[in-house]
Amino acid sequence: MDVEKMDENEWKYHGEGNQSLVVSHCQRCVVLRFLKSPPNQNKTPEEILHHLQNIVDFGKHVMKQFFGENYVHHGEIIQLPLDFVRQLCLKIQPERPECRCDKDMDTLSGYAMCLPNLTRLQPFRLAEHRPILCIEIKPKCGFIPFSSHVSQEIKHKVCRYCMHQHLKVANGKWKRPSKYCPLDLFSGNKQRMHFALKSLLQEAQNNLKIFKNGELIYGCKDDQDCVSDWNELARHLKPFFFPSNGLVSGPHCTRTIVKELIHVITMALLSSTDTCRAGDMKTVPISQGRSYCEASAFNKELVRNGKHKLESSGLPRGCLLYKTLQAQMLDMLDIEGLYPLYSRVEQYLDEFPEESTLQIDGPYNEVFYEKLLDLSLEDDGTVAFALTKVQQYRIAMTAKDCSIMIALSPCLQDECSEQRPVVLTSKSRFIFSVSVLDLDLKPYESIPHQYKLDGEIVNYYLKNVQAKEDPVMSNLFKENEDCTLVLHKV
Ligand SMILES: O=P(O)(O)O[C@@H]1[C@@H](OP(=O)(O)O)[C@H](OP(=O)(O)O)[C@H](O)[C@H](OP(=O)(O)O)[C@H]1OP(=O)(O)O
Ligand SMILES: Nc1ncnc2c1ncn2[C@@H]1O[C@H](COP(=O)(O)OP(=O)(O)OP(=O)(O)O)[C@@H](O)[C@H]1O
């Protein structure tokens, strides 16, 4: 990219989260990702550069090892003319959702990250003008804590996402609760995955976005403005799934298209398109924790119908969901077991404030990665043990908040070669790629906030939801406590 010839008119607003704002190039498949900060809390250019360098290094040296080379795009740092950045900021300001305007895009340092545009990235470098569909999913935490440090029994039964939904609705973040439960998506069981994806399509919140040729066509633009219009979605998707127009419109057509969409997403999520160093890492077996969540609507429905066969087919080892879950499960102690270890590190830092060998703020290199592989849970009382668990927890938190991008492009039969993964629907075939984004390491400083939030989520749930739950339902669950197969005579 020729930074001297940057023209803000060639870029447009693409999206943003809590930490960064993304603009995309109108023609080429690249995006610029700028850091954001609260007004009047601007960081110096050196601090921004250091932060961005840490993000790139962390992606390159750590997350690629966990997720695999092909899934992670770490990007590169780019220095832009300040005038361009200021003009760009002015240009995109009207596009920004109001709920995100509590922070400003960094316009003072001139530094940004340059990344491939994953919504338009053509799998296997087909011509850039081909139609492309992209589904972005933020799956959140896919397991129930198995740690003995957990103090409230409910945390062993109901997943954090499902409990958090109630607090979010009460706080006004979302108008309605979602029926999505991450444990269904991560189950590897197609029926449960279909239910999870359908729930995301019904209530996308900030967990699902769909882009067509790089443009957002489905999902929340603004937190307050979330409309799920499946007919409109089907209208956009029809040329992808029924290219020869063989399907009449109407509710049946909409349902068929949504079903086909769910099918391709499921197949792409279960596909294995990469290998990685940590692929065979011995993590905690999933069976240690419960493989379903009592609050999942899918689960409740089964129980209500007297069916207790809760299937968790398990994920194929190479797929991105599996790798995400493995990284998430580095949180082996739960925040309740982790917090005292964080305090131990804090105490040490009080005594030795200049200590930089702890690598809390980088560098995120090979040495940092190697230290993460020690999964021992035997606390020998050292700062070294506490630090390893703290760093593993930060990785886990990062994996609990990342997003998965699935890019699909229709192809003809003779275009598909054996090296390319293909997913078939009734009338189409797609080549696809799967990637992961937002792999910025969660800050060490956020651990006290995590501890406090965990307590708030659980207490709210216990007080306002569980206490009001139907006692018959709880009894039905008790029968099924350990997720073993219980068959009832009909
Ligand atoms: O704590 P959670 O689970 O609510 O996750 C936060 C996300 O909220 P969500 O529940 O996904 O709507 C939150 O997402 P939104 O800003 O609500 O879209 C952020 O991703 C936040 O990360 P960070 O602290 O800004 O780096 C996330 O915070 P972390 O906990 O990952 O630090
Ligand atoms: N490389 C990319 N290609 C295409 N779109 C991207 C890319 N990176 C980010 N985006 C889009 O921009 C949005 C915000 O980016 P990102 O998730 O990195 O922000 P964030 O502020 O770090 O998020 P969070 O709120 O989770 O902390 C994403 O949800 C995605 O839609």
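Regarding region 64-71, can at least one residue be identified that is touching a Leu at 6+ places or on another chain (Cβ under 7 Å), closer than 18 Å to Trp11 by Cβ, surrounded by 18 or more Cβ atoms within 10 Å (Cβ to Cβ) and not acidic (Asp, Glu)?
No.
Among (1) touching a Cys at 6+ places or on another chain (Cβ under 9 Å); (2) within 25 Å of Asp331 (Cα to Cα); (3) of a type in the set (Val, Ile, Thr); (4) away from ligand 1 (no atom under 16 Å from the Cβ), there is one condition Ile210 misses while meeting the rest; what is its number?
(2)
Is it true that some residue in region 143-166 is of a type in the set (A, V, I, L, M), in a helix (DSSP H, G or I), closer than 21 Å to Arg290 by Cβ and away from ligand 1 (no atom under 13 Å from the Cβ)?
Restricting attention to region 143-166, the residues satisfying the condition of being of a type in the set (A, V, I, L, M) are 144, 150, 154, 158, 163.
Right, trim to in a helix (DSSP H, G or I) and you get 154, 163.
Subsequent filtering for residues that are closer than 21 Å to Arg290 by Cβ retains 154, 163.
Subsequent filtering for residues that are away from ligand 1 (no atom under 13 Å from the Cβ) retains 154.
Yes, some residue in region 143-166 is of a type in the set (A, V, I, L, M), in a helix (DSSP H, G or I), closer than 21 Å to Arg290 by Cβ and away from ligand 1 (no atom under 13 Å from the Cβ).
How many residues does region 372-390 hold that are touching a strand residue (DSSP E or B) at 6+ places or on another chain (Cβ under 9 Å) and either of a type in the set (Lys, Arg) or within 15 Å of ligand 1 (Cβ to nearest atom) (or both)?
Final tally of qualifying residues: 1.
Kindly indicate whether Gly110 is touching a strand residue (DSSP E or B) at 6+ places or on another chain (Cβ under 6 Å) and of a type in the set (Gly, Ala, Ser). I'd like the intermediate steps shown before the answer.
Working: touching a strand residue (DSSP E or B) at 6+ places or on another chain (Cβ under 6 Å): yes; of a type in the set (Gly, Ala, Ser): yes.
So Gly110 fits the description; yes.
Only residues in region 193-215 that are among the aromatic types (Phe, Trp, Tyr) count as the first member; pair them with residues that are surrounded by 19 or more Cβ atoms within 10 Å (Cβ to Cβ), Cβ under 6 angstrom, at least 6 apart or cross-chain, and list the lot.
Phe195/Asp184; Phe195/Phe298; Phe211/Thr119; Phe211/Cys134
Could you run through region 10-47 and say how many residues are away from ligand 1 (no atom under 16 Å from the Cβ), β-branched (Val, Ile, Thr) and buried (at least 18 other Cβ atoms within 10 Å of the Cβ)?
Here is the first cut: in region 10-47, the ones away from ligand 1 (no atom under 16 Å from the Cβ) are 10-13, 23-32, 39-40, 42, 44-47.
Checking the rest, the ones that are also β-branched (Val, Ile, Thr) come to 23, 30-31, 44.
Now drop any that are not buried (at least 18 other Cβ atoms within 10 Å of the Cβ), which leaves 23, 30-31.
So the count comes out to 3.
Could you figure out which of (1) at pLDDT 95 or above; (2) part of a loop (DSSP other than H, G, I, E, B) isn't true of Pro131?
Here Pro131 clears every test but (1).
Any idea which of (1) assigned to a loop (DSSP other than H, G, I, E, B); (2) more than 16 Å from ligand 1 (Cβ to nearest atom) is the one Asp331 doesn't satisfy?
(2)
With (1) within 24 Å of Gln326 (Cα to Cα); (2) among the basic types (Lys, Arg); (3) within 14 Å of ligand 2 (Cβ to nearest atom) as the list, and Lys173 as the residue in question, which single condition is left unmet?
(1)
Across region 167-177, what is the total count of residues that are within 11 Å of ligand 1 (Cβ to nearest atom) and among the charged types (D, E, K, R)?
2
What pairs come up if the first residue lies in region 385-408 and is assigned by the TED database to the domain that holds Leu441 and polar (S, T, N, Q), the second is surrounded by fewer than 23 Cβ atoms within 10 Å (Cβ to Cβ) and part of a helix (DSSP H, G or I), and their beta carbons are under 7 Å apart, counting only those six or more places apart or on different chains?
Thr388/Lys371; Gln391/Lys371
Could you count how many residues in region 190-203 are buried (at least 22 other Cβ atoms within 10 Å of the Cβ) and either outside the structural domain of Val458 (by the TED database) or not basic (Lys, Arg) (or both)?
Filtering region 190-203 down to residues buried (at least 22 other Cβ atoms within 10 Å of the Cβ) leaves 192-193, 195-197, 200.
Among the residues that remain, those that are also either outside the structural domain of Val458 (by the TED database) or not basic (Lys, Arg) (or both) are: 193, 195-197, 200.
Adding up the residues that qualify gives 5.
Could you check region 1-16 and list, in sequence order, the residues that are assigned to a strand (DSSP E or B) and either under 17 Å from Glu98 (Cα atoms) or of a type outside the set (Phe, Trp, Tyr) (or both)?
We begin by selecting, within region 1-16, every residue assigned to a strand (DSSP E or B); these are 11-16.
Result: Lys12, Tyr13, His14, Gly15, Glu16.
Go through region 130-142 residue by residue and tally those that are within 14 Å of ligand 1 (Cβ to nearest atom) and either in contact with a helix residue (DSSP H, G or I) (Cβ under 8 Å, 6 or more places away or on another chain) or more than 23 Å from Ser199 (Cα to Cα) (or both). Write out each step before concluding.
Start the filter on region 130-142 by keeping residues that are within 14 Å of ligand 1 (Cβ to nearest atom), which leaves 136-142.
Now narrow it down to the ones that are either in contact with a helix residue (DSSP H, G or I) (Cβ under 8 Å, 6 or more places away or on another chain) or more than 23 Å from Ser199 (Cα to Cα) (or both): 137, 139-142.
Total satisfying the criteria: 5.
Which residue pairs have Cβ atoms closer than 8 Å, lie 6 or more positions apart in sequence or on different chains, and pair a first residue in region 16-37 that is in the same structural domain as Gln79 (by the TED database) and at pLDDT below 95 with a second residue that is more than 9 Å from ligand 2 (Cβ to nearest atom) and among the polar types (S, T, N, Q)?
Cys29/Gln122
Out of all the residues in region 206-217, which are in contact with a Phe, Trp or Tyr (Cβ under 9 Å, 6 or more places away or on another chain) and away from ligand 2 (no atom under 12 Å from the Cβ)?
Hits for region 206-217 are Lys212, Ile217.
The values are calculated or read from the model by the stated rules, or taken from the named source; none is laboratory data. Please read these numbers as outputs of a predicted model, since none were measured by experiment. Cβ coordinates were reconstructed from backbone atoms using ideal geometry, including for glycine residues, and neighbour counts include every protein chain displayed.
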